[in-house]
Every structure is written in structure tokens, then in C-alpha cells.
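Reading through the C-alpha cells given below for one structure.
Nothing in this text is a laboratory measurement; each read-out follows from the coordinates by a stated rule. Quick caveat, the model's predicted, so the values are computed rather than measured. Here Cβ is always computed from backbone atoms with ideal geometry, including for glycine, and neighbour counts include all displayed protein chains.
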Protein chains: 2
Amino acid sequence: MAITIKDVAKFANVAPSTVSRVIADNPRISEKTKKRVREAMEELGYHPNFIARSLASQSTEVIGLVMPGSADKTFQNPFFSNILRGLSESAHEKNYALQMTTGKTVDEIYENVVHMVQGGRVDGLVLLNSRADDKIMEYLRKRDFPFVVIGKPYMHEEEITHVDNDNFRASKEATEYLLELGHESIAFIGGDLSLVVTIDRLLGYEKALRIAGIELNNQYVIHEEFLREGGREAISELLKLSDHPTALVVADDLMALGVLNTLAELNISVPEDISIVSFNNVLFAEVANPQLTSVDINIFTLGYEAAKNLILKINNPNEPVKRIIIPHKLIIRESSAKKH
Amino acid sequence: MAITIKDVAKFANVAPSTVSRVIADNPRISEKTKKRVREAMEELGYHPNFIARSLASQSTEVIGLVMPGSADKTFQNPFFSNILRGLSESAHEKNYALQMTTGKTVDEIYENVVHMVQGGRVDGLVLLNSRADDKIMEYLRKRDFPFVVIGKPYMHEEEITHVDNDNFRASKEATEYLLELGHESIAFIGGDLSLVVTIDRLLGYEKALRIAGIELNNQYVIHEEFLREGGREAISELLKLSDHPTALVVADDLMALGVLNTLAELNISVPEDISIVSFNNVLFAEVANPQLTSVDINIFTLGYEAAKNLILKINNPNEPVKRIIIPHKLIIRESSAKKH
DNA sequence: TTGTACGCGTTATCAG
DNA sequence: CTGATAACGCGTACAA
């Protein structure tokens, strides 16, 4: 058995509670005693037991990350590592540990969240990619459990702290950029329509077209998974149409990559035949051939701010609800060009 | 305050200890009582408190992941997400949670590990990328704390359970492949020499050359970080030499990507002027231009087996030490060709 | 300024 | 088969 607070107390000739106070740096303890106790801790190699501390203080100093769907798929997108990097750095700065929950199905994930929360495993949660039918959010709200959302909540937007981009504007700008290049047949490839991020980007795209006086075409809007496969399928659908689009707004770099791959196989050149603008600007965008014009959404910062504000909220229940908008920026590369 | 075991006990008219036994599905409790208690739990919406359970049972059902160096850099390499995917899936299957420790410096990471271990936050640890001077491993061994290593331990290899590839053989084969293509000036670009994986791959490379009767050239061996920047710098070094190599063995895809980028800028073509074989076969390898010939090391499986065997060890202290070798396979793509 | 005693929610031991 | 009761290690009113 490891060294406990009692051992230290005995060694330093004080009561356990005094040791506890020294750990908390309680000002009511004399410097002399503090010094003596600290020496004892050093001498014995004492380290506080987190579990016991958690039980007594009802807080764990752990935050959890909830992934939206199949962990397997989420991990494949570099978007995720960048989010994780931000979360991790932020948590680390505040001495919080980061724990992940995974699950294969929505129900399984929900169960895991309930277990974590009721089981007191974490002090707060970061939710990734909110969707329309979010049971988890509902549950957390009902229990008044601290959480922040990365992305925009589908409902109760004004009452939930979230970190997001202005996806509507970003998508509108991306589409306008393609319009300026002379494109008029512009298609949109997004994720599942239950994902708020897809909705926002779709609306921005539509708005830009409407302003330009271009009629919306239902067949030009495709929804697939945020994976390479998704992109491949989406472009295949579009190419079946009698009149292809000459430009695409793609809601994710990895999807765009799939599009590129399929087009390359069909000997359709980018940007000569089809221009592409995608989102996220992960490393892939730069590495792809041709390099992808992509909207940088500062993924790291999304994660960083999410964790930071969650921890703020955990430590101050009266922390006001915040909507944090992370800036975006269109990075122009080789995949987009003037219409021929 | 949430529902506790006591509330359930009262509701079901039994003692708390009985409820505890029902949770553990203790066979000495009558089915009738079990049913009654379970109904009470259901009725009250009871969920066991993990923290209290951990304190009493001295186990947390959490495993930790220790990253080797700057988390910031580690996250950038897709190798990491794949490891994480494997760990996560395996942990999830066994109902373990996964927690990450990060830190900017080696000392900071060491401190965090000590805190986690002594603080009883985790039941076991997975160590990523062992290096020569591993204080952490020494510490864990001294405390007899359960851990497994991904990669090969530098010391006490026979006494530490680890999951690894046969990097020596993989590298030897990769080099032999280049030799078969007619190359004789083959350089090696690896990570820091304190990383065991670098050592193994370097040795395999040297072995292949020696067997082929080719003299080793110190200037042909470069060590940089497993990042794109590292690759860029490495190839720049090599190109300063009066006689460049015509082929490269690169210990990491992301590095190889940096090499490709730099070569492209200098109008040196791959594979016409220089052939490249790299390691890991992450998605980048396939996406790069030209596509990278790369040794697939089954990253997911490395992670999966690591977590699996760690949990095995946690639950059975007498579990024998294991060395688990994950198979590798050379995937030939466009970056390698016969010497002109 | 410091010590005593209890509670946090479980599990485990020992009776019965 | 079930019920008291004592840990588990720490935080914290309340006392002194």
C-alpha cells in the first residue's frame, strides 16, 4: 500500500487534517508547520490519492470527450487529431486529464455518457459535432451537467456554451469565390443532414447562389460521410447527371480527397474541368494533388477554446453561456480556377 | 446528490451490502432478491459511483496512454490517430476507459506519470515509442506497475511485455527491395537515434547493404524528427553531398512527404531520379504524389494488442511477459523504380 | 493555529 | 442467503 496522508502526519507529528491543509496550501497553517509537513511528504515520497480526493471533494479534474458516432470513422479524419491536440493542450494547462468515450452506435455512446456522468468519472464533457436529435445534450441539460459543444447546437443555441466557426458565412464566401471565377453550375457535397455543420454550410452555399440569381438544383446537393469513400460516392452521383457541375463546394478535405481520386481515375482534370473548394484545411489539403483550395477553420483553436471554457464553467457554475466564434480563412491553392 | 446504493437498499428493503452483491452478480444472492433489487435500481435510476467503487476496490478500470515527447508533435503524425483507434477499440471492448497524459518536456511527462500512478488514477499504462534513456519505464518496473510498451524496450526487453513490429527485418527487406531495383547509393533517414525504432530500422538497413557488399557511408544516414519538416531537412542535407544517393529508406511517411515536397521544389523527380521507400503506410502514403511505396506496419493492431494485453495483465498479475510481433508488409507504389 | 470526527459511496470481512 | 461493520484515503465542519 502506498504512502497516505496519515503516514505523513505521523512522520511530521501533526494530524492528518493538517497535512490535508498543507496540500491545499491553507493560509491558516503556519509556515513552520507547512515546511515541516512538506519535508515529510518529500521524505516519504508522498503523492495524494486522486480517487480518495475525488470522492471527498466530489470532483475528479478529468474532462471527457464524447465522439459523435462510430469512433472508428471519427478517428480516420485528421480533423479529429487536431481537435484532440487543442483539447489536450488546454486541459493540460489547467491540470485536467482528458478521457475519451467511444462507442459504435449512438445508443451505446449515450449509455456510456450516462455512466460517466452518473458514475462521477468526469467533471465535464466536450461534445463533438452536434446533430439534430441529440439525446445526450438533452440529458446533460436536464442534469445541469457542465458541457460545451464544438459546433453549433441544433436546439437551445442561446443556452449552451459552444465553440464554432461561422460556417454559414464561410460557406457563402467559398461559394462566392467560385462564382467570381465564373462558375454557375456549382454543386454542394456535405455530410449527413442531421449534422448542424452540414446544415450551416449548405445554407451558406444556397444563399450565395440565390444572391447571384442562380436557381437551386436539388440534384446538385449530395450528402455522404466525412470520409474519402463519401467523396467518391458523391462525385459519382454528380457525374451521372446529364449536365455536370463545373465547380464543387465540399464540406470536408477528406471527402474532397475522395472526389479528387475518383476524378483522376476518370481522367477529369481539376481545376480545368472541375474546380473544388473544400473545408478544414488539414494537412491533406496541402498534400493532395492538385493542392486543395480549402477554408481553414482553425481546428486546433476550436478544441483549445472548448476545453478552456469547459474548465471555466466547471469551476464557476455561474459562468455565463458563451458562443465563441473562431475565425476562418479561405486558402486558395490549385484546385480552383476560372471557368473555361 | 445522486442516487446511492443506500437509497436502493432502503427502497428494496435490503442492506446496502446486498445491493452491492447484486451489482457484482454474486451467486450467493437468491434470484428473488436480485430481481427485487434490480427493479429498485431501475425504478430509482441508480448508477454506481465509479469513484467510490475505485476507492474501495483499488482499481479504476481506466488505462492511460503516455506519449513520448511533445504531445504537440506526436499528434501531428497520423501514426498516432491509428494507434489511438486501436487502443480505444480494445479498451472499449473490455469496458475500460482511456485517459491521456501529455506534457511538453520529458521531465514534465515523467512527473505526470508519477502523479497518475501514485494517485491511483489508472490501473495500467501504455507507453508509446520507447527510447534509450527511459526513466518512466524504470520507475514503473520498480513499482511493479502494469504497463506495456508499443515498440521495443531499450533495456530489459525480456522482462517487459511489448507490442512491436520486426523493424529490423522490415527495414532489411525494404532496403533489399531497393537493391533489387539496382540501387547502390541508398541513404537512410530516420528519427532520433535514442528511439529504439530508429535503431532497429537503421540496423536492418545496414545489414542489407552489408550483405550486398556495399560499403556503409556515414553521410548517408540522417536523423530528424518524424515530421514533414524533418524530411525536408534530411533531404537537404543529403543533396549537399557531392554524390547524392539514388534511393532512400525513410523511417516515416510524414517525413517522406517532406522529402517529396522538397524534391518537387527542386525539380528532382521521384522515382526517376530518386526512389523512396518509407514506413507506416498511413493514408498519406497513398495520397502523396507520387504515391509512396511504404511498409505497412498495421498500426491499428499495434494499438489494439497493446491495450488488450495491458488489460490482461491488470487482471492477472501472473500473466507472463509477452513479446508480440505484428506482421508488416511492403506496399509497392509509385515512389520506387528501377535505377536508370 | 491545529486536532477530532464524520462523511463521500463502495467493497469486503465476518457473523448469523 | 443476508446484514452489520469496517475499511479505502481524503476534505472539512466543529472543537479546542
Using a 10 Å cut-off on Cβ to Cβ distances, tally the other chain neighbours for every residue of B:91-103 and report the average as a whole number. 5
Describe numerically, in nm with one decimal, the distance between label points set 7 Å from Cα along Cα→Cβ at A:Glu237 and at B:Glu334. 2.8 nm
For chain A, take the longest principal axis of its alpha carbons; what is the angle in degrees between that and the long axis of helix A:31-44, to the nearest 10 within 0 to 90? 70 degrees
Computed from the beta carbon distance with a Förster radius of 56 Å, FRET efficiency for B:Glu42 and A:Glu93 to the nearest 0.05 stands at 0.85
Ratio for the stretch B:167-297, C-alpha Rg to 2.2 N^0.38 Å, reads 0.92
Looking at the P(r) of the stretch A:165-242, how many percent of alpha-carbon pairs lie beyond 15 Å? 55 percent
For the stretch B:247-340: Kirkwood Rh in Å [reciprocal of mean 1/r, alpha carbons]: 14.9 Å
When a footprinting reagent is the concern and you count Cβ atoms within 10 Å, what order do A:Phe80, B:Phe300 take, fewest first? B:Phe300, A:Phe80
For the stretch A:223-296, report the convex hull volume of the alpha-carbon atoms normalised per residue, in Å³, without decimals. 74 Å³
Note: B:136-149 gets an average of partner chain Cβ contacts (10 Å, Cβ to Cβ) equal to 0
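Using a/c under 1.5 as the rounded threshold, could you call the stretch B:75-149 rounded, prolate or oblate? The axes a ≥ b ≥ c are square roots of the C-alpha gyration tensor eigenvalues, and prolate needs a/b larger than b/c, oblate otherwise.
In terms of gyration-tensor shape, oblate.
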Long-range amide H partners of B:Ile331, meaning residues 5 or more apart or on another chain whose placed amide H is closer than 5 Å, are B:Ser294, B:Val295, B:Asp296
In Hz, Karplus ³J(HN,Hα) per residue of the stretch B:202-208 (6.51, -1.76, 1.60; θ = phi - 60°; x = Gly, Pro): 5, 5, x, 4, 5, 4, 4
Measuring nothing but label to label, 7 Å from Cα along Cα→Cβ, what are B:Ser269's distances to the other copies in nm, shortest first? 1.7
Where labels lie 7 Å past Cα in the beta-carbon direction, separation of B:Glu229 and A:Ser194 in nm: 4.2 nm
If one compares the long axis through the Cα atoms of helix B:299-315 with the longest principal axis of the Cα atoms of chain B, the angle in degrees, nearest 10, works out at 40 degrees
May I ask you to report, in nm to one decimal and beginning with the shortest, the distances from B:Ala52 to the same position in the other copies, taking label points 7 Å along Cα-to-Cβ? 1.8
Suppose the chain between B:Glu272 and B:Arg323 were pulled fully straight at 0.36 nm per residue; how much longer would it get relative to their current alpha carbon spacing? 14.3 nm
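To the nearest 20 Debye, how big is the dipole of the stretch B:167-297 about its Cα centre, given +1 on the beta carbon of each Lys and Arg and -1 on that of each Asp and Glu?
For the stretch B:167-297, the charge dipole is close to 220 debye.
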Roughly how large, in nm² to one decimal, is the mean projection of the convex hull of the alpha-carbon atoms in the protein assembly as shown? 35.2 nm²
Under a 10 Å cutoff between Cα atoms, tell me which one of A:Asn112, A:Asn129, A:Asn95 has the largest fluctuation in the Gaussian network model of chain A. A:Asn95
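With charges set only on the Cβ (+1 for Lys and Arg, -1 for Asp and Glu), what does the dipole of the protein assembly as shown come to about its Cα centre, in debye to the nearest 20? Working shown, then result.
Details: 74 positive and 94 negative charges, 652 e Å.
It comes to approximately 3140 debye.
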Apply the Karplus curve 6.51 cos²θ - 1.76 cosθ + 1.60, θ = phi - 60°, to the phi angles in the stretch A:281-294 and return the couplings in whole Hz, x for Gly and Pro. 6, 7, 3, 3, 4, 7, 8, 4, 10, x, 4, 8, 6, 8
Of all DSSP beta bridges in the stretch B:125-250, antiparallel share, percent nearest 5: 5 percent
So how many Å³ per residue does the convex hull of the Cα atoms of chain A work out to? 158 Å³
How far is helix B:106-118 tilted off the main Cα axis of chain B, in degrees rounded to 10, range 0 to 90? 20 degrees
At a Förster radius of 30 Å, what calculated FRET efficiency corresponds to the Cβ-Cβ distance of B:Lys6 and B:Ser30, to the nearest 0.05? 0.90
Among B:Met155, A:Met255, A:Met100, which comes first, second and so on when ranked by fewest other beta-carbon atoms within 10 Å? B:Met155, A:Met100, A:Met255
Express in nm, to one decimal, how much length is gained between A:Glu215 and A:Glu108 on full extension, taking 0.36 nm for each residue of separation and deducting their alpha carbon distance. 34.3 nm
Phi to ³J(HN,Hα) by Karplus 6.51 cos²θ - 1.76 cosθ + 1.60 over the stretch B:81-97, Hz, x for Gly, Pro: 4, 5, 4, 4, 4, x, 4, 4, 4, 5, 4, 4, 4, 9, 6, 9, 8
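Using the number of other C-beta atoms within 10 angstrom as an exposure proxy, rank B:Arg169, B:Arg228, B:Arg201 with the fewest first.
B:Arg169, B:Arg228, B:Arg201
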dims of the stretch B:1-147, Cα set, principal axes, largest to smallest, nearest Å -> 59, 32, 30
GNM top mover of A:Ala91, A:Ala288, A:Ala40 - chain A, alpha-carbon springs below 10 Å: A:Ala40
Taking the label point 7 Å from Cα along the Cα-Cβ vector, the copy-to-copy distances for A:Lys94, listed from shortest in nm with one decimal, are 3.1
Work through the residues other than A:Tyr205 whose Cβ is under 15 Å from its Cβ and net out their charges, Lys, Arg +1 and Asp, Glu -1. -4
